Amino acid sequence: MGSPPQPLNRLEEGGMLLLQHAALVEQEEDEEDEEGSEESSSISTSRAEPQTMPTFDVPYFRYIDDEGTEGEEEWSSSRSLSSIGRDSSADSVVSDRYVVVSGTPEKILDHLLNVMTLEDDQNMLRDDFLLTYPVYMSTGDLCQALLGQYPFIDQKEALERKQKVLHLVWHWMSLCRGFLREDENVKVFLKSLYRYVLDDLYEHPALEKDVTELQKLYQLRRRHKALFHQLSLKENGQRSSSTHRENKEALCRVYVTMDSYLSAKVHYEVVAQELLQAVAERIDVPSSELILVAITYPGGRLLLQPQDRVFTNSLRPVGRLHVCRKDFGEVMNPFTDNSEIQQRTNGLLNLNTWDVAVALTNFDWTIFTRMHEQELVYFTFNRNVYSSHTMQLELLLQRCNEVQLWVMTEVLLCPTPCKRVQLIKKFIKINAAPSSQRNLNSFFAIILGLNAAAVSRLSQTWEKIPGKFKKLFSELEAVTDPSLNHKVYRESFKKMKSPKIPFLPLLLKDITFIHEGNKTFHDNLVNFEKLHMIADMARFIRDCQQDHLAQKSSSEVQAYTDYLHIIDNQQTLFELSHRLEPRA
């Protein structure tokens, strides 16, 4: 009686550790199906009764060669049963014979080119590699490694190998073009690769199509002598990098008091006059009476002239922006307190509830659809270093925090109890709208804002909320219940069809656990299993972004949600709360 098939098997190859999939031969599995339960005691304890499989490391792996015969045994313990269950499922279709566990970057790339096919557009290993390569090699290093793989020695397989390298380059450029747009290493790499392919064209005419694709990729001139010059981006219908930057949008904080600001949605080329005009309209003060001041460092002040750029070349504001009155003797005196703003009529109550829900969702979708899945990788491994590669992710996190503070601000600046009740009811109805329930980022933010201590302590206000709204709020609030690792949210979101926006802070928490709970390198080899888990999280973002169609909302409502008034000082928020309902 033969021994049962092992879930995975270990194979060391140069600088790389591979694990073989369990599905060796279907016939062997059928023959040993009945025998497996009797023989499994050689690996684990007796199974007289069904037991739950533990999730600790697998004790043994056995090497099986390509012909399916048993070879020299080697032992390892580097894979958890939970991941084995995913990879070795009898019902799953296994595309690759081996799973990369760890290895040097060069060996992983070499293995990828060995196993990938030109017809395969859904290669998981390739996707993992391209999504996570910034963790263990720079873009310049990857360019050099790809150039090193192109001139293949084996003449019999040379054409196929060269086509595989080019195929991998197409996928890389398609996946990461936004990040590679202005990388000088990539420009030099593509020109060098173009020269290689052009030189091989006589010997391998099948590469003609690839030459054409390279020309299209970076708009290279057809003539060899002009190889190092790009065609005009305008002539090829492409936007230049400056135009690309102009069309990007950001959230700009403009402080109207020392502890409250307007979160303004602006483009990166915005100038002081344009921003000041927009803020003046929002706070209902003539722009001719206002000036815009940037606090560049403690005690440092910079008066922005009308045509001064608000953002620096690093796409960061020139400093903390304050709007001030011209007639103030001291330029750093903004509106002295919240009294002026508090007396303004609350505009939110005059807006259609469903339009507000759609506008909030459209705002988040504008950011989320521009967010690249690779931003999660850059954010996870370089979270303390600002990078333009994580810009959209950071904007979405900022927006989530600001919507929460906006909810608190709107309620606490409402002076009369009846209007506060109307406001809370409105926020509950906003979250009940279908568009909001596909946007879990703002959904959570509104719930967290209403549950914040400064708002939830307003017992006299909450007592006046009708029972049906309290019940609806409880049902919506249940989705945000953090117990059992947010089980309710996870199950609800899993059932929800795309497009949908996840709650980003929880997603980043999950990635943090993966990152901090697993080493990135083992014995100087890249822990590719960890990076596969990170890549899975990135692909999750890709799936959520599918099939999105923007909904229509009125321009008035959209203008309102583009400029949210926010108090970001918790002490001020509590003072407002106690002013509305003093302690007994």
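Looking only at residues in segment 574-584 that are in a loop (DSSP other than H, G, I, E, B) and either at pLDDT below 90 or in contact with a helix residue (DSSP H, G or I) (Cβ under 9 Å, 6 or more places away or on another chain) (or both), the one that is farthest from Ala264 (Cα to Cα) is Ala584. What residue, of Arg399, Arg370, is charged (D, E, K, R), over 10 Å from the mean Cα position of the chain (by Cα) and either assigned to a loop (DSSP other than H, G, I, E, B) or in the same structural domain as Ser456 (by the TED database) (or both)? Testing whether each residue is charged (D, E, K, R), over 10 Å from the mean Cα position of the chain (by Cα) and either assigned to a loop (DSSP other than H, G, I, E, B) or in the same structural domain as Ser456 (by the TED database) (or both) leaves just Arg399. When each of Gln149, Gln155, Gln122, Gln163 is tested for being polar (S, T, N, Q), farther than 30 Å from Asn524 by Cβ and surrounded by 16 or more Cβ atoms within 10 Å (Cβ to Cβ), the lone residue that passes is Gln163. Give segment 92-111 a look and list any residue that's open to solvent by less than 40 Å² (accessible area, probe 1.4 Å), modelled with pLDDT of 90 or more and farther than 21 Å from Asn518 by Cβ, or say none. Once the filter is applied, which keeps residues that are open to solvent by less than 40 Å² (accessible area, probe 1.4 Å), modelled with pLDDT of 90 or more and farther than 21 Å from Asn518 by Cβ, segment 92-111 yields Leu109, Asp110. Do we find that Phe179 is open to solvent by 20 Å² or more (accessible area, probe 1.4 Å), among the aromatic types (Phe, Trp, Tyr), under 31 Å from the mean Cα position of the chain (by Cα) and under 27 Å from Thr380 (Cα atoms) in this structure? Answer is yes for this residue. For Tyr194, the conditions (1) among the aromatic types (Phe, Trp, Tyr); (2) more than 30 Å from Asp536 (Cβ to Cβ); (3) surrounded by fewer than 19 Cβ atoms within 10 Å (Cβ to Cβ) are fulfilled apart from (3). Exactly one residue out of Leu251, Leu303, Leu276 is among the hydrophobic types (A, V, I, L, M, F, W, C), open to solvent by 10 Å² or more (accessible area, probe 1.4 Å), touching a strand residue (DSSP E or B) at 6+ places or on another chain (Cβ under 9 Å) and farther than 16 Å from Cys324 by Cα, and it is Leu251. Taking Arg420 as the residue in question, decide whether it is among the basic types (Lys, Arg), over 23 Å from the mean Cα position of the chain (by Cα) and surrounded by 16 or more Cβ atoms within 10 Å (Cβ to Cβ). Yes; evaluated as a whole, the condition is true for this residue. Against the condition under 25 Å from Cys400 (Cβ atoms), hydroxyl-bearing (Ser, Thr, Tyr) and modelled with pLDDT of 60 or more, how does Tyr297 come out, does it pass? Judged against the criteria, Tyr297 is not a match.
A residue that is modelled with pLDDT under 90 and open to solvent by 70 Å² or more (accessible area, probe 1.4 Å) occurs nowhere in segment 527-544. When restricted to residues that are outside any helix (DSSP H, G or I) and open to solvent by 10 Å² or more (accessible area, probe 1.4 Å), segment 426-475 contains 5.
Anything in segment 483-529 that is within 23 Å of Thr390 (Cα to Cα) and of a type in the set (Asp, Glu)? List them, or say none. Of everything in segment 483-529, those that are within 23 Å of Thr390 (Cα to Cα) and of a type in the set (Asp, Glu) turn out to be Asp510, Glu516. The set of residues in segment 306-345 that are open to solvent by 20 Å² or more (accessible area, probe 1.4 Å), closer than 12 Å to Leu292 by Cα and at pLDDT below 70 comprises Val331, Met332, Asn333.
Applying the selection to segment 537-573, what residues are in contact with a strand residue (DSSP E or B) (Cβ under 8 Å, 6 or more places away or on another chain) and not in a helix (DSSP H, G or I)? Those that are in contact with a strand residue (DSSP E or B) (Cβ under 8 Å, 6 or more places away or on another chain) and not in a helix (DSSP H, G or I): Tyr563, Leu564, His565, Ile566, Ile567, Asp568, Asn569.
The values are calculated or read from the model by the stated rules, or taken from the named source; none is laboratory data. The model shown is predicted, which means the values in this text are computed figures rather than measured ones. A quick note on method: Cβ atoms are made from the backbone with ideal geometry, for glycine too, and the neighbour counts reach across all protein chains shown. The accessibility values were calculated without ligands, DNA or RNA, using every heavy atom of the protein model including side chains. Shrake-Rupley method; radii C 1.70, N 1.55, O 1.52, S 1.80 Å.
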